[in-house]
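Dropping a structure here in structure tokens format, bear with me for questions.
The values are calculated or read from the model by the stated rules, or taken from the named source; none is laboratory data. Keep in mind it's a predicted model, so treat the numbers as computed, not measured. All Cβ positions, glycine included, derive from the backbone under ideal geometry; neighbour counts span all protein chains shown. Protein only, heavy atoms only, side chains kept; ligands, DNA and RNA dropped before computing areas. Shrake-Rupley method; radii C 1.70, N 1.55, O 1.52, S 1.80 Å.
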Amino acid sequence: MTTFEHCVRCTLCVENCPVFKVNPAFPGPKQAGPDAQRFRLDGERSVDDWVKLCCQCQRCQVACPYGVNVSEIILKAQLKYSREHMSPFTAHLFANTYHLGKLGALAAPITNAVTSSGAARKVMGVLGLATNLPMPEYRFLTLNRGRRRKGKRRSSRKVVFFHGCYLGFNRPDIGRGIRDLLAGLGCRVAIPSQTCCGLPALGNSDLEIAKKFARKNARMLVEYIDRGYQVVYACTSCGLTLVHDYPEVLELPEGRKIAENTYNVHEVILDLLENDGCSVEFGEVDRTIAYHIPCHLKALGIGYPAAGVFERIPGLRTTILDDHCCGLAGSYGFKKKNQQTAEKLGTIAASAIKALEPDALISDCGACRMQLGHYTGLPALDPSEVIIASLEKGASKKSRGKRRIP
Amino acid sequence: MSAYGYDAVVIGGGVSGIMASLTLASGGFKTALVSRGDPVCCLSTGCIDVFSHSDEPLSGIRALLPDHPYSLVGEKGIKDALSFFLEIMAEAGLPYEGDPGRNRKILTPIGSTKNTCLVPRTMAHADMPPGEYLHVISFQGIKDFFPSYITSRQRNSTYSVYDAGVPTTLGIAARFDDASFLDAFITWLRGLEIPHDRVALPAVLGTIDPASVMEKISRAIGRKVFEIPTLPPSVPGLRLFRALKRVLQSRGVHLYWGKGVTSVECQGRTVEAVTLATTGRAKRVQGKAFVLATGSFVSGGLFAGRDSVRETVFDLPVAVPGERKDWFNTDFFSGAHGIERAGVRVDGSFRPVETDLDNLFACGSILAECEIMSLQCGHGLAVATGVAAAKSCAQGLS
Ligand SMILES: Cc1cc2nc3c(=O)[nH]c(=O)nc-3n(C[C@H](O)[C@H](O)[C@H](O)COP(=O)(O)OP(=O)(O)OC[C@H]3O[C@@H](n4cnc5c(N)ncnc54)[C@H](O)[C@@H]3O)c2cc1C
Ligand code: SF4
Ligand code: SF4
Ligand code: SF4
């Protein structure tokens, strides 16, 4: 990995920074990253409070042709800043999405009523939370309570599904769909009990909580890896946390092993179709969709595997949009100080989508779907929902033969 | 997990790699483009220099030595490639204008003019007939744009300053995407009652549809309007790159962005796969043919060590003019710096010479003998050689 010293000051990262574009208070990745890094000393207290304005989309790092770890430098500066300054209550609240989610799920009907009521919104305002977006709803039947195993026991393809919080607590229906999809394609799928990947804690500079969550997941995942399982994720932010932050930022001893054995769910599906001779019939889906690429899928550098699956669906017209950050960036956009930034970025990304006049938008990330669904008024889907719809159609077409997809 | 297989894999996402990918995809080949980072194009003026060293690009090119990459493409190939580029840009909604037979002038931020060949529509009116009057609009606090440089060099010119609320070119450009901001700007501009023939602004007229923004302003004030490219970060360079990328994706080219090729697998005379340093673990990308478009020193396609110049992906032989002392020259901008001629030498089919790899092609600024700075032929050479190398690659594939 190259460091801040390799920066040639070309400004390519700056051209790609969404926050720099709309918030004049943020000096941009070049200054916040490599430029300021030479003045950050271990013993000296940070004064760069603007460093917290970075939303960690990592677009700067993807753009840099010299491999400078721009957003990682900034993340570490954020952690340093927070270590030295008291962090407000909001940070702790979001750092604990998992506990929040668990509680929220147990009391789903109440949580939903409370987070959407007017009084609660005022309280949130006092806590430094922005209030223009509907808060995510929690489901009672979380993934942890669904079926934990599926698919042929003797399958040579074993996967352990890391679903994360959003699919676990807020959209377990999508999680179950992915489980059934993988099983239908011939995988043995395990969904062990798991905690949050730790990203929200990192995003709120709570290194200790992040590490606590990560260690717990790491132990569990390595057990599966040692038994011949591949780890799959659908939420691209969870994925990036597992493959990048576990080894590089949280420095877990198991980090490397996890990174090397973790795959995006659509990489696995493509591999099954391309190389494992898995034969399924994709039925027609007559729709025009805008595929908003989440920043963290870009940051993974694996291309856009779901788009490779979409290509096989007859009738589906997909346009890829990968130049915009949705502005929500996990819990970033829920904070009052970022509200304007999130609003502006949401509007920009939404207008790019609306210009295509699609029937729906697709994103691999629950946060993007929440934000862009709100700003476009369009149905916001996970890639798997379209793939499943197509396979169900294909299966019913040849239902006289053996049905492969449940 | 085994790799995803393509007909062609293009390495390097600059103008040459993108044009090569588009050519291959248009020929029906399943194509992947892998790139470590954003290309030089994003820092450029967005204008296509074909051969800006002289006023007539094609006649300048005719006079080049036979080993210059342009000579390998040939005049017809160059013209076809540039028309293909114009078609692509029209499709992308970022129309370009110009004619390879004759260069035109654009205005620079220091008030001088510069030769170039194809320009975005927003710079089409920059080539002013002598005697016309110019009014420049600048923005409050904008960095690296000083209208007095222009008014001191250009006779019959004056300027005014608008407060857009943000000081950066990117920030102002993002505001111009917003219709209500544009309306407020136009109202202010009309209030100035500018008597001059033309109005020029730094290149900030939006990131999405600058031609429409320009036309709207032009109609409102009844004057010709044009943009002046600024120092990086460059909005017109970014627009060009993003427009090309849009078309690329609409033609089904798969992008792998942000991670470089770190190793290659060859079997006998054939390149079989490249490995990308993706986050956490390496990813293999397989192909039947490969196009090398990793650029020169700026982008890291070439690397100059103390004693030699290296090609960084395949370790291909690099042609350097003579001994180091022959190409060493303390004045980098002298125009005839030997290092400008260093690069990968290719044959008429754009295969690197002195290697035994049959399915590898090369294009763009990585090629030997380009002399991009002194001839001023950057994007033009990238377009022409990108298309030519891809055509040759397509022939090999079918
Ligand atoms: C500051 C500047 C301004 C310029 N302005 C103009 C202008 O206004 N008009 C003009 O016509 N010309 C201009 N030029 C020249 C012109 O930009 C270039 O000559 C031309 O665009 C080069 O294109 P290319 O495709 O060969 O390479 P590049 O644009 O250099 O692209 C190479 C790509 O390869 C990638 N890459 C490198 N190594 C690897 C690897 N190992 N694995 C994967 N990917 C890799 C890089 O990240 C990069 O994206 C300018 C040049 C510079 C430096
Ligand atoms: S893109 Fe990389 S090299 Fe260029 S300014 Fe940013 S960090 Fe520095
Ligand atoms: S991570 Fe995103 S917001 Fe932060 S500096 Fe980089 S591009 Fe800007
Ligand atoms: S990144 Fe994934 S695991 Fe982490 S909070 Fe988001 S959804 Fe949950």
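With a cut-off of at least 3 residues that are within 14 Å of chain B (Cβ to nearest Cβ) and within 20 Å of the chain's Cα centre (by Cα), name the helices (runs of 4 or more DSSP H) lying wholly within the stretch A:334-401.
Ranges flagged: A:339-354.
Is one or more of the residues making up the stretch B:46-66 within 14 Å of chain A (Cβ to nearest Cβ), within 24 Å of B:PRO232 (Cα to Cα) and either open to solvent by 50 Å² or more (accessible area, probe 1.4 Å) or away from ligand 2 (no atom under 16 Å from the Cβ) (or both)?
For the stretch B:46-66, residues within 14 Å of chain A (Cβ to nearest Cβ), within 24 Å of B:PRO232 (Cα to Cα) and either open to solvent by 50 Å² or more (accessible area, probe 1.4 Å) or away from ligand 2 (no atom under 16 Å from the Cβ) (or both): present.
Of the residues that sit in the stretch A:332-357 and are hydroxyl-bearing (Ser, Thr, Tyr) and buried (at least 21 other Cβ atoms within 10 Å of the Cβ), which one is nearest to B:VAL285 (Cα to Cα)?
Per the criteria, the residue is A:TYR332.
So B:LYS216 fits all but one of (1) at pLDDT 95 or above; (2) open to solvent by 10 Å² or more (accessible area, probe 1.4 Å); (3) touching a Phe, Trp or Tyr at 6+ places or on another chain (Cβ under 7 Å); what number is the exception?
If we test B:LYS216 against (1) at pLDDT 95 or above; (2) open to solvent by 10 Å² or more (accessible area, probe 1.4 Å); (3) touching a Phe, Trp or Tyr at 6+ places or on another chain (Cβ under 7 Å), just (3) comes out false.
Looking at the stretch A:316-324, is at least one residue away from chain B (no Cβ under 13 Å), open to solvent by less than 10 Å² (accessible area, probe 1.4 Å) and either in contact with a helix residue (DSSP H, G or I) (Cβ under 6 Å, 6 or more places away or on another chain) or assigned to a loop (DSSP other than H, G, I, E, B) (or both)?
no
Matching residues to (1) within 16 Å of ligand 3 (Cβ to nearest atom); (2) within 30 Å of A:ILE353 (Cα to Cα); (3) among the charged types (D, E, K, R):
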{"residue": "B:ASP178", "(1), (2), (3)": "no, yes, yes"}
{"residue": "B:ILE186", "(1), (2), (3)": "no, yes, no"}
{"residue": "B:LEU205", "(1), (2), (3)": "no, yes, no"}
{"residue": "B:THR262", "(1), (2), (3)": "no, no, no"}
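Being surrounded by fewer than 24 Cβ atoms within 10 Å (Cβ to Cβ) and within 7 Å of chain B (Cβ to nearest Cβ) is the filter here, so list the residues in the stretch A:15-34 that pass it.
The answer is A:VAL22, A:PRO24.
Determine if the stretch B:349-366 includes at least one residue that is closer than 26 Å to B:SER44 by Cβ and either out of contact with any strand residue (DSSP E or B) (no Cβ under 8 Å at 6 or more places or on another chain) or more than 16 Å from ligand 1 (Cβ to nearest atom) (or both).
yes
Any residue at all in the stretch B:235-258 that is within 30 Å of B:TYR162 (Cα to Cα) and either among the basic types (Lys, Arg) or in a strand (DSSP E or B) (or both)?
Taking every residue of the stretch B:235-258 in turn, at least one turns out to be within 30 Å of B:TYR162 (Cα to Cα) and either among the basic types (Lys, Arg) or in a strand (DSSP E or B) (or both).
Look at A:ASP271 and say whether it is surrounded by fewer than 23 Cβ atoms within 10 Å (Cβ to Cβ) and without any contact (Cβ under 8 Å) to a residue 40 or more places away in the chain.
When the stated conditions are applied, A:ASP271 passes them.
Could you please let me know if B:PHE290 is of a type in the set (Phe, Trp, Tyr), under 26 Å from the mean Cα position of the chain (by Cα) and open to solvent by less than 10 Å² (accessible area, probe 1.4 Å)?
In short, yes.
Let me ask something additional. Filter the stretch B:25-45 for residues that are open to solvent by 10 Å² or more (accessible area, probe 1.4 Å) and over 28 Å from B:LEU170 (Cα atoms) and give the result.
If the condition is that a residue be open to solvent by 10 Å² or more (accessible area, probe 1.4 Å) and over 28 Å from B:LEU170 (Cα atoms), then B:ALA25, B:SER26, B:GLY27, B:GLY28, B:PHE29, B:LYS30 are the ones that fit.
What is the residue count in the stretch B:344-398 for residues that are open to solvent by less than 30 Å² (accessible area, probe 1.4 Å) and either more than 23 Å from B:ASP80 (Cβ to Cβ) or not in a loop (DSSP other than H, G, I, E, B) (or both)?
30
For B:ALA304, which of the numbered conditions (1) over 21 Å from the mean Cα position of the chain (by Cα); (2) open to solvent by less than 30 Å² (accessible area, probe 1.4 Å) fails to hold?
For B:ALA304, the failing item is (2).
Are any residues in the stretch A:186-233 closer than 26 Å to A:ARG154 by Cβ, of a type in the set (Ser, Thr, Tyr) and at pLDDT below 95, and if so, which ones?
A:SER193
Of the residues A:GLU44, A:GLU15, which single one is within 16 Å of ligand 1 (Cβ to nearest atom), acidic (Asp, Glu) and not assigned by TED's automatic domain parsing to the domain that holds A:LYS344?
The match here is A:GLU15.
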